[in-house]
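Contents: one structure, followed by commentary.
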Amino acid sequence: QVQLVESGGGLVQPGGSLRLSCTASGIVFGLNDMAWYRQTPGNPRELVAAITSSGTTNYADSVKDRFTVSRDNAKSTVYLQMNSLKPEDTAVYYCNAAYSSFSVWGQGTQVTVSS
């Protein structure tokens, strides 16, 4: 069974940090490009950060220098380290795995940045 399970979301004050994790099962993790997206009510899902199977990363301009995406192929897990969080980072964060025409999403984890 193919599955992505996100964890690590929660409530944090502005300026704080969180680390999201996404653990995959049922796929050959090392072959997949992995990405984090986020979505707020009434808006489309937007790309936050991505890391290819070879380790190349890219980021949305709004999170550059604050967020870091990484992967541990041995643990079939991708991480999103989020620092200097802002209220506008509040969203449901989703993990995605993609390989050729295959794509799978996690169930999402809520991140709320508020004082």
key: For Ser115, net neighbour charge (Lys/Arg +1, Asp/Glu -1) across residues whose Cβ lies under 15 Å away   = -1
inquiry  = Can you compute the FRET efficiency between Asp72 and Ser115 using 1/(1 + (r/R0)^6), with r the Cβ-Cβ distance and R0 = 41 Å? Round to the nearest 0.05.
reply    = 0.80
task = Express in Å², to the nearest 10, the accessible area of Lys64 obtained by rolling a 1.4 Å probe over the protein heavy atoms while all chains stay in place.
result = 100 Å²
request  = Loop only per DSSP, at most 16 neighbouring Cβ atoms within 10 Å: give me the trypsin sites (Lys or Arg not before Pro) in the range 1-53, ordered by residue number.
outcome  = Arg45
message = Only Cα pairs within less than 10 Å get springs; with that Gaussian network setup on the chain, which residue of Ser53, Ser100, Ser17 has the largest fluctuation?
response = Ser100
inquiry  = Sort Thr40, Thr68 by heavy-atom solvent-accessible area, probe 1.4 angstrom, most to least.
reply    = Thr68, Thr40
inquiry  = Charges on Cβ only, +1 for Lys and Arg, -1 for Asp and Glu, centred on the Cα centroid of the chain; of Gln39, Ser7, Ala98, which one is farthest towards the dipole's positive end?
reply    = Ser7
key: Test item: Cα-centred dipole of the chain, Lys/Arg +1 and Asp/Glu -1 on Cβ, debye   = 120 debye
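The values are calculated or read from the model by the stated rules, or taken from the named source; none is laboratory data. Just so it is clear, the structure is predicted and the values come from calculations on it, not from any experiment. Don't worry about glycine lacking a Cβ; one is built from the backbone with ideal geometry, like all the others, and counts go over all protein chains shown. Please note that ligands, DNA and RNA were not included when accessible areas were found on the heavy atoms of the full protein model with its side chains. Shrake-Rupley method; radii C 1.70, N 1.55, O 1.52, S 1.80 Å.
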